[in-house]
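Please read the structure below before turning to the comments.
The values are calculated or read from the model by the stated rules, or taken from the named source; none is laboratory data. Small disclaimer: the values here were computed from a predicted structure and weren't measured. Cβ: placed from backbone, ideal geometry, glycine included. Neighbour counts: every protein chain shown. Just the protein is used for accessible areas: all its heavy atoms, side chains included, with ligands, DNA and RNA removed. Shrake-Rupley method; radii C 1.70, N 1.55, O 1.52, S 1.80 Å.
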Amino acid sequence: ALDETLDTLLRRVILGGLAAAGLAALLSLLVSRRISQPLEMMKQGAERFSRGELQQSLVVRGSAEVRSLAEAMNKMAAQLDERIRTVLRQRNEQEAVLASMVEGVLAVDAEERILRLNRAAEKLLTLDSAEVQGRRIQEVVRKADLQRFIAQALSSPEAVEGDIVFHGEPERFLQAHGTALRGSQGQRIGVLIVLNDVTRLRRL
């Protein structure tokens, strides 16, 4: 009778232990999902932010730490979106200014690689900016006077001016102005060349 009672108690203890373990596992699963679900949503939101989709904010819920992190990420996305809009607006304004200039504008880096040129420069030099950007000026412009002027502007600490003649038919006369091109930290990264077609003036 004692053995039977002990066996019954043992079975009850085992069943109770299994039930308690199952209940603990269920509670752990619920708690972990409650914690991991906001983190998973934040991960998905961070991936959206990395793709440039900054308008959709993260849902702020969960523990205090998770809510704080979500709010910080939303604030970061809003600030980044505003900065990107500002940069795009400034770039569009610069594009409009450069496109409306009658003077040709050519920017090259310290290795004489073309960084930028406007429409007037494309027309003067018969170039396509999409094809020549990043290439050395010697590869795309076979004009010795222009190459010498760019080399002079790169080596000079001051702004330089000069006349450039494009021999051919018709012959063209350009007035060139070169000045240092500087980066955001003030370091010299190349030169900016402004070309003014004075052919008609010279002929007159």
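Build a GNM of the chain with springs between Cα atoms under 10 Å apart, and of SER63, SER28, SER36 the one that fluctuates most is SER28. The trypsin sites (Lys or Arg not before Pro) of segment 1-81 meeting both criteria, a DSSP state outside H, G, I, E and B (loop) and at most 12 other C-beta atoms within 10 angstrom of the site's C-beta, are ARG51, ARG61. In the chain, helices alone account for a calculated mean residue ellipticity at 222 nm of -19500 deg cm²/dmol, with every DSSP H run of four or more residues adding -39,500 (n - 2.57).
Ignoring lysines fewer than eight residues from LYS43 along the same chain, the ones with Cα atoms less than 29 angstrom from its Cα are LYS75. Paramagnetic label reach from GLN152 (point 7 Å along Cα→Cβ; backbone nitrogen cut-off under 19 Å): within segment 180-204, residues 180-181, 190-199, 202.
Computed on protein heavy atoms with a 1.4 Å probe, the accessible areas place MET76, MET101 in the order MET76, MET101, largest first.
Please give the contour-minus-distance gain from SER68 to LEU30: 0.36 nm per residue of separation, less the Cα-Cα distance, rounded to one decimal in nm. Walk me through the numbers before you get to the answer.
Values: separation 38, 0.36 × 38 = 13.68 nm, distance 2.19 nm.
Between SER68 and LEU30, full extension yields an extra 11.5 nm.
Between VAL102 and ALA144, the modelled labels are 3.2 nm apart [label points 7 Å from Cα along Cα→Cβ].
Full extension of the chain between ALA180 and LEU204 gives 5.4 nm of extra length, using 0.36 nm per residue less the Cα-Cα distance. For segment 104-204, the list of GluC sites (Glu not before Pro) that fall in a loop by DSSP and count at most 10 other C-beta atoms within 10 angstrom reads GLU111, GLU158.
How many percent of the accessible area of the chain is carbon or sulfur, using a 1.4 Å probe? Of all accessible area on the chain, carbon and sulfur atoms account for 54 percent. Cross-link partners of LYS143 among lysines, defined as those whose alpha carbon lies under 30 angstrom from its own and excluding same-chain residues fewer than eight positions apart: LYS123. Normalised per residue, the accessible area of the chain is 69 Å², obtained with a 1.4 Å probe and no contribution from ligands, DNA or RNA. Working from label points 7 Å from Cα in the Cα-to-Cβ sense, the ARG116 to GLU131 distance is 2.3 nm.
List the trypsin sites (Lys or Arg not before Pro) within segment 116-204 that fall in a DSSP loop (any state other than H, G, I, E or B) and whose Cβ has at most 15 other Cβ atoms within 10 Å.
On the way: sites: ARG116, ARG119, LYS123, ARG135, ARG136, ARG142, LYS143, ARG148, ARG172, ARG182, ARG188, ARG200, ARG202, ARG203; in loops: ARG135, ARG142, LYS143.
Qualifying residues, ordered by number: ARG135, ARG142.
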